[in-house]
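Take a look at the structure set out below.
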Amino acid sequence: MTAAHGHEIVTHTSNLLRWIPLLPLIGAAINFLVGSRIQRKMGRGAVAGLATAMPAMSFVLVVMSFLQLKGYPTDERIIIDHVWKWIHIGTLNADIAFQFDPLSAVMCLVITGIGSLIHVYSHGYMDDEPAAWRFFALLNLFMFAMLCLVLGDNLLMMFLGWEGVGLCSWGLIGFWFSEMANARAGNKAFIVNRVGDFGFTLGVFLLFWTLDSHGAGTVVFRELANSVHLIANDQLWGTTVATVVTLFLFVGATGKSAQIPLYVWLPDAMAGPTPVSALIHAATMVTAGVYMIARMNFLFDMAPFTGQVITTIGALTAFFAATIGLAQNDIKKVLAYSTVSQLGYMFIGVGVGAYAAGVFHLVTHAFFKACLFLGSGSIIHAMHHEQDMRNMGGLKNYMPRTYWTFLIATIAIAGIPPLAGFFSKDEILWKAFNYNPAIWAVGFAAAGMTAFYMFRLVFMTFFGECRADHHTVEHLHESSGFMTWPLVILAVGSVFAGFLGVPAALGGSNMFEQWLEPVMAHSAHGGGHDVHGGHHNLTLEYGLMAGSVLFAMCGIFLAHLMYNRKSINPDGIAQIAGGRLHTLIYNKYYIDEIYQVVWVDGSLGLAKMLSWFDKNVVDGIVNGAASVTKLVSFINGRIDLHVVDGLVNKTASLVHGVGGAVRRIQTGSINAYLYVIVIVVTAVLFARTW
Amino acid sequence: MGVGPSSMENLSLSVLTFYALAGTAVVGAAGVAFSRNIIYSALSLMVSFLGVAGLYVILGADFIAGVQVLLYVGGVLVLTLFAVMLTQGIRDVEVSNRSVGRIPAIVIVSGTAVVMYEAVSKAGWADKALAMDESSTYAVGNALLSDYILPFEVASIVLLAVLVGAVVLTRKEVVAEDESS
Amino acid sequence: MFESVGLHHYLVVGLILFCFGLFCVLTRRNAIGVLMGVELILNAANINFIAFSRYSAGSYDGHVFSIFVIMLAAAEAAIGLAIVLSIYRRAKSIDVNELQGLHW
Amino acid sequence: MENILTYMTFIPLLGMFAVLALPRDNYNLIRWTALGFTIPGLIMAIWLYANFDRTTAGMQFMVRYEWIPRYNIQYIMGIDGLSVTMVLLTGLLCPICLLASFNIEKAVKGYFALFLLLNAGMMGVFCSLDFFLFYIFWEVMLLPMYFLIGIWGGPRREYAAIKFFLYTLLGSVLMLIAMLALYFHNDPHTFDMLVLMEQSGTYSRVFQTWAWIGLFIGFAIKIPAFPFHTWLPDAHVEAPTAISVILAGVLLKMGTYGILRLCYPVLPLATQDMAFWALAVLGTWNIVYGALCAMAQTDMKKLVAYSSISHMGYVMLGMATLTPQGINGAILQMFNHGTVTAMLFLLVGVVYDRAHHRDINGFGGLASVMPTYTGIMAIAFFAAMGLPGLSAFISEVLVLIGAWQYSKPLTIIAATAVILTAGYMLWMLQRVWLGPVNEKYADMEDVTTRELVTLIPLAIIVMILGVYPHAVLDLINPTLLALNETVLNATPAVAQLVAP
């Protein structure tokens, strides 16, 4: 690259890297092709075992690579594995190549680690599923795609994973496709994601060509990082190219990570089996947008306006989703809106430029949200697929292990120290406060609501009397070890993951941020907003921490009063503002309905209109041309018949009359004919001779 | 007229031969036209054919003469006789060979004859005995296989078609008859 | 006229044969008789061909033509008689005056 | 193997005569004989693929014979990077379609004879380098197509066949006029495309424009470009499955192939002028319009037909951009659309054979009934949607990347089709394959071995080209870069500066 003004990148190569995504792919291929046969012959365990072994082996490889990476000096922490050339056309060079750097390492550890646990859990959860092979194949395929996403060394590889996870998400949301609602939810997820992908691709195109105009067209991340400063002065549509590119990319992120306005698919995605919700729709796939922005931090640093947009959207989403979460009764829906809300936090983090904080929250969130989802899965499994919290209650006596792990994860998400959620969330809120106190205020409010609705969930589910019917209660039991052990491990993670990034203010050294430093190196030098800047007001930071903890406590206490002690009637609260507010929130602000009318019905209407146009106008012209031709020939025929032929007809009728008489000559008698012939020939001869 | 006098005897002999053969042909033809019995008609036709073949020989067309004998006398005539026997048997030939409308036919034919004779006489034919080869066979064969090769081949296809056609025409009826009976 | 034989003589022979043939065709009621008349007419034409070839053209083209005519005559005889046979099978008659189905 | 192209073209023709000589009632003999005569084409296509020189932009495997010297008409055959993909595609699809036609029961002999004639015509179009020869093959192909739709088609087959025929004939006439104009414009008169290309510098801009328009309309009908596209849905709906496959897989490509083969190198100036409106704008419109129309269809075949219109729009857009990415993407898209749409039509055919209707709303839950079938179907659908990792993604992304450099608004409009495509494809998938099982079709048979044999090779190609597109890109890139340069560097002819 001629434009490589930056420091020389020292990279290492390793052929081991490719096996990290490849192993799950092999597992998927085997299960897709012969999985049903394996399941029939050797039982479901064989299928699940195979599918679990693959990501587990990947996890081992990731750990090995991680240790290898750790052994290198900080600025050499990139391992490359170039597999083969993919698209080399003109100046566009994208390869099937993988890159393992501190950011990928973190993501891979989360994906393969939590992913393997969820595979184990699934073996327990899907114990009565006849098409388990398909489930595990898709799950493995998802692992492959997700690993491609985070390991890909260029934007197109990332996009391969980006769409690949969307495909698997589609397949898994609609896993029980004989329910039309599930199939519909899958389609909704895919199509909404496509809207995001649309923006993502355009962003990639614009970035590529702008760089190309400087002779540095590339889509490879490390080259982009080196040459991205070239486009600093390029303008497009009244702003900088960097802003446009990042906005486009952010559209992609909103789709994948379920942010306003494209968050609508995630709650519906809960139609899938619960392990899927845990893995894809909480821990990994939905965080892809955050990862992407962190990966492209050097570019986002050049676009402060985009940063504002991201922060605003993130804050709004966090708040907005939290409000919806307050009123839901479906246990998974509550968790889904909580996920949307937490993703909003992550976007606040990356939006204000605190990429490490955003990724940190991603990691902690992966632990406690996976734990929560798996816990809810354990409940749903025990309750025979009952998801309505109004029919639960008192489960802590029946399912103690699930209860304890669930409680730990809930405390973690509520942001109570010293559990994981506290550190990561407060890191973000602190950065946000420095950026813009208004953002902080919104996030702060959302945090309180989170604590409230999460404990509402806990109280409604595990405390009080069991409201389920007799039959269900009789069969209530703790789930099997396959399901509970992953819960325990994740709960442990929820407790301790936060210590990876204890901020300096609390006497830590923020190992996490240091680890990511090589990837985020540019952000320090970038022309954007600098939040690392010196004036650490410790008092203020402690104050904010205390405030948010206190506020969360209030939320928990309120939930306790309303749903455990029942000293405040929730229905009374719901009647505030005439119940309209509750109805509005309960119905998710009618966003789905509005989208349905505007986008789905709109495009369908347009489609019907164009189809009508095609059939009647375009084809009408064609058929019309044919008809006109026919008409002209018809008229012509009439003229011919009555005018031209009129004359002819008179002649013809004359001939007809004559013929009627003369036809009697046509006797059928050969002799008669012969006579005529002979006479005529003779006459002719006669005429010629004389 | 055209033929230069060489020897009186020779001349008269060739003239005599011509008249004899022409007479045979004409008498045969008359027999065909006027005989009441169709068998006689057929036999007269043979006589006429033979006379014509003789005329060909005088005209130096020995090959054609051979073909005439072989094909007409040997082929067509036998075929005709077969047909006659197949259709009527010999008993009622009398009835089957009756003629109709002789008077108008005679009128018309004689009219035609007059007109044609007039045409034949009036036309200024190039009339000279041209030197021809001893045997026409070689020349005819040559002509057939060089200048007339295409018609020759077409003719062979026509004959093939005739062969097939005749078989089909006669055979089909037999089947139909079998079915009907 | 009698001392030497020329083209004219042959043409006259042809003419006579033609007239007999024509008469035969016109008067016979038996289809086979009609066919015989046709053969006569064809023979008359052949005589003319050969005569012209000998006296007017001086080439063998006439011969070739007559060969084709003979060929056609044979073909016509074969097909004609075949048709006659099948008509006979169908109508039990070969009287051309009775076979008048082919009219308006 | 100097005459390999000739063999590829005429062996099917031989096959036609062989089939005609077979007894009418021995269906299996006819079928296997016909298949046997398409296999050499496939083998030779593989040989061509292996032996094609990937470093040169020029013509390869050329043969040149005098044909009608009086009018300077020659028999010239040859392929370059542009046509080799199409030859490969034809060689691949013909045996597959023949195999897919084994269930034809009506006038079997005629069907297979006409099919082989069609095969020869298609191969000839892609191989011939003499305009006259090209035109002959172009027309030769039309005739069997007419009968194949008109005799073996659905209920409205006559209407569809006549529409197809008249439409294409109209295009042919305009093409013929342009062809003759080019012929007489050169001295000595010639139909030799290579000479026409060499002489392109001598054609005036006005002449080029008119010739371009004539050729373009001829080709646009085949593509089919809006507003000449309405024959396609009708023809597709009525044609038997295998013929739909050929129609979408090969015949449509002839339009874009013709533009690249003739309009681009022979009339470069006009191409510069016309590319924006006639190709880029129209192509974009095709993409979006086709996708939206597809969304509103209830007949599976019609939906796939409109999706073809949409996907062919990418080809037009790609080649209009005159960027290496765009034009490479266009050719790759031609190939990929050939394989993917072939799969889609074959898949629809499978259902149609069993249920005897194609109403999207008349099914439901087929995925539970026919799992193998659904698996393959998913590959085809996601490939059609342009999912990364499958072939069509590469070509669509290349086209869009090229287009972005060319015109940003058009690219943004075209890229919305990515959403629409997912919309109509998934919606159809949902209505037909997902949801509760329709009791009527609860015991529908899964794909048979024969059907699998037709589908699996295509599926494998689709997947391989998704991760290793250079298998095709390496073949086409040199030629297309040269073609691109030709068009970009064309300058108006200057008057001769000095006397000879």
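The table below lists the values:
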{"read-out": "Bins of 20 Å, starting at 0 and running to the largest distance - Cα pair percent for chain D", "value": "25, 59, 15, 1, 0"}
{"read-out": "Average beta-carbon neighbours from other chains, 10 Å sphere, peptide A:606-617", "value": "6"}
{"read-out": "Per DSSP, loop chymotrypsin sites (Phe, Trp or Tyr not before Pro) in segment A:229-311 with at most 13 further Cβ within 10 Å", "value": "A:Trp237"}
{"read-out": "Cα-based radius of gyration of segment A:17-70 once divided by 2.2 N^0.38 Å, which approximates compact folds", "value": "1.32"}
{"read-out": "Nearest 10 degrees, 0 to 90: helix D:470-489 Cα axis against chain D principal axis", "value": "40 degrees"}
{"read-out": "222 nm mean residue ellipticity, helices alone, for chain D (DSSP H n ≥ 4; -39,500 (n - 2.57); rounded to 500)", "value": "-23500 deg cm²/dmol"}
{"read-out": "Degrees, to the nearest 10: D:391-406 long Cα axis against longest axis of chain D", "value": "40 degrees"}
{"read-out": "q = 0.15 Å⁻¹, segment A:183-286: log10 I(q)/I(0) [Debye, one scatterer per Cα]", "value": "-0.69"}
{"read-out": "Segment A:10-153: relative contact order in percent, alpha carbon pairs under 8 Å with at least 6 residues between", "value": "39 percent"}
{"read-out": "Cα-based radius of gyration of chain C once divided by 2.2 N^0.38 Å, which approximates compact folds", "value": "1.34"}
{"read-out": "Rounded to whole Hz, the Karplus (6.51, -1.76, 1.60) HN-Hα couplings of segment D:54-64, x for glycine and proline", "value": "8, 9, 10, 8, x, 6, 10, 6, 7, 10, 9"}
{"read-out": "Radius, Kirkwood style, for segment D:115-175 when every pair of distinct Cα atoms is counted (Å)", "value": "11.9 Å"}
{"read-out": "Percent of alpha-carbon pairs separated by more than 44 Å within the protein assembly as shown", "value": "59 percent"}
{"read-out": "Trypsin sites (Lys or Arg not before Pro) within segment D:55-111, DSSP loop, no more than 12 other Cβ atoms inside 10 Å", "value": "D:Lys106"}
{"read-out": "Value at 222 nm in deg cm²/dmol, rounded to 500, when DSSP H runs of n ≥ 4 in chain A each add -39,500 (n - 2.57)", "value": "-22500 deg cm²/dmol"}
{"read-out": "Kirkwood Rh, Cα atoms: Rg over Rh of segment B:12-90", "value": "1.06"}
{"read-out": "Computed log₁₀ I(q)/I(0) - Debye formula, equal Cα scatterers, no solvent, segment D:275-490, q 0.07, 0.09, 0.10 Å⁻¹", "value": "-0.22, -0.36, -0.44"}
{"read-out": "Relative contact order, percent, chain A [alpha-carbon distance under 8 Å, six or more residues apart]", "value": "11 percent"}
{"read-out": "Segment D:41-120, Cα convex hull volume normalised per residue, Å³", "value": "116 Å³"}
{"read-out": "Shielding by partners, peptide B:66-76 (average Cβ within 10 angstrom, other chains)", "value": "4"}
{"read-out": "Along chain A, longest interval not containing exposed GluC sites (Glu not before Pro), exposed being DSSP loop plus at most 12 other Cβ atoms within 10 Å", "value": "A:9-464"}
{"read-out": "Size of electric dipole in chain D: Cβ of Lys, Arg +1 and of Asp, Glu -1, about Cα centre, debye, nearest 20", "value": "540 debye"}
{"read-out": "Share of alpha-carbon pairs per 10 Å distance bin for segment D:180-269, given as whole %", "value": "17, 40, 24, 16, 3"}
{"read-out": "Estimated FRET transfer efficiency (A:His470, A:Asn569; beta-carbon r; R0 35 Å; 0.05)", "value": "0.80"}
{"read-out": "Average silhouette area of chain A, convex hull of alpha-carbon atoms, in square nanometres", "value": "54.2 nm²"}
{"read-out": "Solvent-free Debye scattering, log10 I(q)/I(0), computed from the Cα coordinates of segment C:1-58 at q = 0.19, 0.24, 0.27 Å⁻¹", "value": "-0.66, -0.84, -0.95"}
{"read-out": "Angle in degrees between helix D:4-21 and the longest Cα principal axis of chain D, rounded to the nearest 10", "value": "50 degrees"}
{"read-out": "Cβ-placed point charges (K, R +1; D, E -1), dipole of segment A:10-153 about Cα centre in debye, nearest 20", "value": "500 debye"}
{"read-out": "Only Lys, Arg (+1) and Asp, Glu (-1) charged, at Cβ; the protein assembly as shown dipole about Cα centre in debye", "value": "2500 debye"}
{"read-out": "Antiparallel bridge percentage (DSSP; both residues within the protein assembly as shown; nearest 5)", "value": "95 percent"}
{"read-out": "Amide hydrogen neighbours beyond the local backbone of A:Trp86, cut-off 5 Å, H modeled", "value": "A:Ala94, A:Asp95, A:Ile96"}
{"read-out": "Of the GluC sites (Glu not before Pro) in segment C:1-99, those whose Cβ has at most 16 other Cβ within 10 Å and which sit in DSSP loop", "value": "C:Glu3, C:Glu98"}
{"read-out": "By average C-beta atoms within 10 angstrom, highest first, the peptides D:392-398, C:47-53", "value": "D:392-398, C:47-53"}
{"read-out": "Relative contact order %, segment A:280-403, counting alpha carbon pairs below 8 Å whose residues are six or more apart", "value": "30 percent"}
{"read-out": "Per-residue average of Cβ from other chains inside 10 Å of B:53-60", "value": "5"}
{"read-out": "Overall dimensions of segment A:590-682 by Cα: Rg and Dmax, Å", "value": "32.4, 104"}
{"read-out": "Cα-projected label distance for B:Leu160 with A:Cys554, points at 7 Å along beta-carbon direction, nm", "value": "10.9 nm"}
{"read-out": "Alpha-carbon centroid distance for the pair segment D:251-297 / segment C:1-73, whole angstrom", "value": "74 Å"}
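Throughout, read-outs are computed from the coordinates displayed, never taken from laboratory work. Since the structure is predicted, the reported quantities are computational estimates derived from the model, not experimental observations. Note: ideal-geometry Cβ built from the backbone for every residue, glycine included; neighbour counts use all protein chains shown.
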